[in-house]
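Take a look at the structure set out below.
The values are calculated or read from the model by the stated rules, or taken from the named source; none is laboratory data. Computed from a predicted model, the values in this text were never measured in an experiment. All Cβ positions, glycine included, derive from the backbone under ideal geometry; neighbour counts span all protein chains shown.
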Amino acid sequence: MATTSQPDMKATIKQDHETIILVREVHKYYELGETRVHALRGVSIEIKRGEFVTIMGASGSGKSTFMNILGCLDKPSAGRYLLENIEVSSLSKKELAAIRNHKIGFVFQGFNLLARTTALENVELPTLYARISKAEGEKRSREALALVGLGDRVAHFPSQLSGGQQQRVAIARALVNRPSILLADEPTGNLDSRTSVEIMDIFQNLNDEGLTIVLVTHEPDIARFAKRSIQFRDGRIHRDERIQTRPRASEVIQNLPKLED
Amino acid sequence: MDLLAIVRIALRALGRNKMRSILTMLGIIIGVGAVIAMLGVGQGARQTVQEQIQAMGSNLLFVGAGTVTRSGMHMGWGSTKSLIYDDMLAIMRECPAAHTAAPGSSSSGQVVFGNDNWATRVNGTEPQYFDIRTWPFQEGTSFTQNDVEMAANVAVIGETVRKNLFGATDSIGQTIRINNLPFRVVGVLVPKGTSAAMGDDQDDIIIVPITTLQKKMTGQNWLRWIMVSAVSRQASYAAQQQIAALLRDRHRIRPGADDDFFVRNLADLADVADEAGRVMTLLLASIAAVSLIVGGIGIMNIMLVSVTERTREIGVRMAVGATERDVQQQFLTEAVVLSLFGGGMGILFGLSASYLITKTLGWPVLVSPVVIVIAVLFSMAVGVFFGFYPARRAAQLDPIEALRYE
């Protein structure tokens, strides 16, 4: 177990410093007709419980491919990926589905909520594929919606919610099965700057509670709310650094103009 | 996921596109409805034919004078003169499988009563004929054996003849003229209706003593037919064999030469008619089944559209933990729910169509519970068969591609 000190983490976190993601020399190739695209060229990384990591990089830098592998939607062509000490590259499709269900929460740029389906039912979706009762699933879904501040919108349809609210429903959906890690792929890409900061506030609060978050973005303004920043370039990690002066999203909001202004 | 949850999700997904779901179901509704109605019509027709043949007496054998070819010319039925009264006596005497026999000859005549006249067939026979054919009287009685010996001018008439000559007037004891010969009406037969096997009106007939017909009307002393009842239905085939052998012997037909008579077994006729009915039912049902297959293709088409439309949904479901099996089950269930609902409504549609056919055409329609059970199972099978490919396609989507799908 590594014992690097992380001074900005709260003392309430259980099992801090435990390695949650361990990636060693991961390569990914795609066959595109005759040519072979080398999307990842040996990526190694270690993420501990309670970290808040942003991944940045130009398009084609390999960050999306890397996120897909982290999210167990794709397998590395070579190298090792251990999620909570489970060797993911050796798992079957069915086992990967179970990992995605229990250990990973996804938040997408385009929200990806089911249309004509209430907020509550959208949040319940992961519980349908987990081995928990309907009643338990509904209880957890209501709690998750309350956590993101939408306790009074359970019966609303996505079309009746603003972009920020929709993304909060998506975050509630990602949290409902109590995952070990939250993966967010440009979660603020479709939102205005004030709403983006509001979403980052939610992420910071969740991280304070001990949730590990990995977030892909290409906006430096968003990336600065995390604790650690990793830059991808040409399929490799170009830079990996701690963020020294991290602003609190809740304070930044005070200085932003409101929509009504 | 338990079955109830899967069905609930399927119902909700179908409910989001109500119009489309109903139109898709319509194919199955029409298919199942048509199959049920057609099977019902076919079964009803078969049953009617069987009942009519039973009414004729299923242990009945018909011995007819044969056809003969003279100088290369083929003559019609009854052109031989070799079937005679003694043949009938010999059948009674020497064929153990034969129970009773009645001789018969036919003519036709113009019948007149008062101002009314009617052209009909005139059969000559003996009183036991009515027993053999199990044909009771609605009024009066049969002529007697004594009438036969005396060649008396007495007649038994069928319902069609009675209606046309007498209408509401009482017919018993009245005198009618057949080809200008006066006959006293002694009995009226119970109507038998149109023969399903032959298609002729069995009540359009006058029956007189055979001696009267032969001596006073046709002047022929040979028979056109002999009606024989076997001791039982099972014995009718044996009786047929015995009669054929006896008549070949009596008519001195050399081995290998053609018979100058024919023996027809009504049990065989019943089988033939039943087979014909079965083939017709099958034909109707297979034509109807084609529409069921078209309905199935409709389901497949809509499911494929639905899978494409919901590619992102499938991606999200997979990302949050749905396995290939979960996705496949979901789409397969939607297809089966569509086809089962369609099947259910198709049954109602088929039953009402059957009822309408019975009401308007007066044609009996029999819908057996077995047919309904088969219809339900079949529509379910259609759903599984035509839903499988789209569901498989959905399950095999790559979640990354599916999530990126616009």
State which residue is surrounded by the most Cβ atoms within 10 Å (Cβ to Cβ) when the search covers only the stretch A:109-123 and only residues that are facing chain B (nearest Cβ under 7 Å) and over 19 Å from B:Q329 (Cα atoms). A:N112
Checked A:R194, A:R168, A:R142 against criteria (without any contact (Cβ under 8 Å) to a residue 24 or more places away in the chain, away from every other protein chain (no Cβ under 14 Å) and not in a loop (DSSP other than H, G, I, E, B)); the one match is A:R142
So the check is Cβ under 6 Å with 6+ separation or different chains; which pairs have a first residue in the stretch B:51-72 that's at pLDDT 70 or above and a second one that's crowded, with 18+ Cβ neighbours inside 10 Å and in a loop (DSSP other than H, G, I, E, B)? B:Q52/B:A196; B:A65/B:G78; B:A65/B:T80; B:A65/B:L83; B:A65/B:R224; B:G66/B:T80; B:G66/B:D260
Would you check if there is a residue in the stretch B:305-315 being crowded, with 18+ Cβ neighbours inside 10 Å, more than 14 Å from chain A (Cβ to nearest Cβ) and in contact (Cβ under 8 Å) with a residue 12 or more places away in the chain? yes
Lone unmet requirement of (1) free of Cβ contacts under 8 Å to residues at least 12 places away in the same chain; (2) surrounded by 16 or more Cβ atoms within 10 Å (Cβ to Cβ) for B:A10: (1)
Sole exception among (1) in a strand (DSSP E or B); (2) within 19 Å of A:G71 (Cβ to Cβ) for A:D240, by number: (2)
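Residue-by-condition table, conditions (1) without any contact (Cβ under 8 Å) to a residue 24 or more places away in the chain; (2) small (G, A, S); (3) assigned to a helix (DSSP H, G or I); (4) under 16 Å from B:V32 (Cα atoms):
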{"site": "B:S339", "(1), (2), (3), (4)": "no, yes, yes, yes"}
{"site": "B:S352", "(1), (2), (3), (4)": "yes, yes, yes, yes"}
{"site": "B:V371", "(1), (2), (3), (4)": "no, no, yes, yes"}
{"site": "B:I374", "(1), (2), (3), (4)": "yes, no, yes, yes"}
{"site": "B:L377", "(1), (2), (3), (4)": "yes, no, yes, yes"}
{"site": "B:A381", "(1), (2), (3), (4)": "yes, yes, yes, yes"}
{"site": "B:F388", "(1), (2), (3), (4)": "no, no, yes, no"}
{"site": "B:R392", "(1), (2), (3), (4)": "no, no, yes, no"}
Residue hits (the stretch A:244-261; in a loop (DSSP other than H, G, I, E, B) and modelled with pLDDT of 90 or more) are A:P247, A:R248
Among the residues of the stretch A:213-237, count how many are buried (at least 21 other Cβ atoms within 10 Å of the Cβ) and not in a strand (DSSP E or B). 6
Any idea which of (1) more than 7 Å from every other protein chain (Cβ to nearest Cβ); (2) surrounded by fewer than 20 Cβ atoms within 10 Å (Cβ to Cβ); (3) in contact with a Gly (Cβ under 8 Å, 6 or more places away or on another chain) is the one A:S92 doesn't satisfy? (3)
Failed criterion for A:P126 (all others in (1) facing another protein chain (nearest Cβ under 7 Å); (2) assigned to a loop (DSSP other than H, G, I, E, B); (3) under 13 Å from B:V320 (Cβ atoms) hold): (2)
Verdict on A:A155 being outside any strand (DSSP E or B) and within 14 Å of another protein chain (Cβ to nearest Cβ): no
Given (1) under 20 Å from B:L403 (Cβ atoms); (2) not in a strand (DSSP E or B), index of the condition A:G105 fails: (2)
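Results for (1) within 14 Å of chain A (Cβ to nearest Cβ); (2) free of Cβ contacts under 8 Å to residues at least 60 places away in the same chain; (3) surrounded by fewer than 18 Cβ atoms within 10 Å (Cβ to Cβ); (4) in a helix (DSSP H, G or I), shown as yes or no for each residue.
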{"site": "B:R317", "(1), (2), (3), (4)": "yes, yes, no, yes"}
{"site": "B:R325", "(1), (2), (3), (4)": "yes, no, yes, yes"}
{"site": "B:A335", "(1), (2), (3), (4)": "no, yes, no, yes"}
{"site": "B:G343", "(1), (2), (3), (4)": "no, no, no, yes"}
Number of positions in the stretch A:218-240 that are over 15 Å from the mean Cα position of the chain (by Cα) and among the basic types (K, R): 4
When the residues of the stretch A:46-64 are narrowed to those that are touching an Asp or Glu at 6+ places or on another chain (Cβ under 7 Å) and surrounded by fewer than 23 Cβ atoms within 10 Å (Cβ to Cβ), which ends up farthest from A:F106 (Cα to Cα)? A:S61
Looking at the stretch B:163-176, is at least one residue assigned by TED's automatic domain parsing to the domain that holds B:Q202, under 30 Å from B:L89 (Cα atoms) and surrounded by 19 or more Cβ atoms within 10 Å (Cβ to Cβ)? no
Residue count, the stretch A:95-108, condition within 8 Å of chain B (Cβ to nearest Cβ) and acidic (D, E), comes to 0
Determine, yes or no, whether A:G71 is more than 8 Å from every other protein chain (Cβ to nearest Cβ) and surrounded by 19 or more Cβ atoms within 10 Å (Cβ to Cβ). no
Among the residues of the stretch B:260-286, write down those that are part of a strand (DSSP E or B) and either under 22 Å from B:Q234 (Cα atoms) or of a type in the set (D, E, K, R) (or both). B:F262, B:V263, B:R264, B:N265
